[in-house]
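The values are calculated or read from the model by the stated rules, or taken from the named source; none is laboratory data. Please read these numbers as outputs of a predicted model, since none were measured by experiment. Cβ placement follows ideal geometry from the backbone for every residue including glycine, while neighbour counts extend to all protein chains displayed.
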Amino acid sequence: MRGLGLMKRLLPRLVVLDLLMPEMDGFQTLSEMQQTPELQNIPVVVVTSKDLSMNELEWLRDRAVAVVTKGANSRSQLVKALERQISAAE
């Protein structure tokens, strides 16, 4: 909840979102962002260690610009996803 308030106030150009969080998980956060006009168009890169079902992965791909699974290649995948978004914004 606090994160959403900060996003509304600061309007970041990009959000890196973990799915496993204590109060509100990443799915709920992304849903709230989609329903909030000032946050709807902020690109979101999801980073997770969660073993995603096909339905969850499809849902995320419809709402996030990238989904990166934590693991051996996650750092390079994350950097590539962030570089694509930075290039697109310029």
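Descriptive notes on the structure:
- In the range 42-73, the qualifying residues are those that are in contact (Cβ under 8 Å) with a residue 12 or more places away in the chain and among the hydroxyl-bearing types (Ser, Thr, Tyr), and the one that is nearest to LEU4 (Cα to Cα) is THR48.
- Among residues of the range 62-90, those that are closer than 19 Å to MET21 by Cα, modelled with pLDDT under 95 and not small (Gly, Ala, Ser), counted: 5
- Taking the numbered list (1) closer than 21 Å to GLY3 by Cα; (2) surrounded by 13 or more Cβ atoms within 10 Å (Cβ to Cβ); (3) modelled with pLDDT of 95 or more in turn, LEU19 passes all entries but (3).
- The lone criterion from (1) surrounded by fewer than 12 Cβ atoms within 10 Å (Cβ to Cβ); (2) in a helix (DSSP H, G or I) left unmet by GLY71 is number (2).
- Subset of the range 44-62 (residues that are in a helix (DSSP H, G or I) and surrounded by fewer than 17 Cβ atoms within 10 Å (Cβ to Cβ)): MET54, ASN55, GLU56, LEU57, GLU58, TRP59, ARG61, ASP62
Each row is one residue, and each column tells you yes or no for (1) touching a residue at least 60 places away in the same chain (Cβ under 8 Å); (2) assigned to a helix (DSSP H, G or I); (3) touching a Cys at 6+ places or on another chain (Cβ under 6 Å); (4) not polar (S, T, N, Q).
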{"site": "GLY5", "(1), (2), (3), (4)": "no, yes, no, yes"}
{"site": "LYS8", "(1), (2), (3), (4)": "no, yes, no, yes"}
{"site": "PRO12", "(1), (2), (3), (4)": "no, no, no, yes"}
{"site": "VAL16", "(1), (2), (3), (4)": "yes, no, no, yes"}
{"site": "GLU23", "(1), (2), (3), (4)": "no, no, no, yes"}
{"site": "GLU32", "(1), (2), (3), (4)": "no, yes, no, yes"}
{"site": "PRO37", "(1), (2), (3), (4)": "no, no, no, yes"}
{"site": "GLN40", "(1), (2), (3), (4)": "no, no, no, no"}
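- For ALA88, the conditions (1) among the hydrophobic types (A, V, I, L, M, F, W, C); (2) more than 14 Å from the chain's Cα centre (by Cα); (3) assigned to a loop (DSSP other than H, G, I, E, B) are fulfilled apart from (3).
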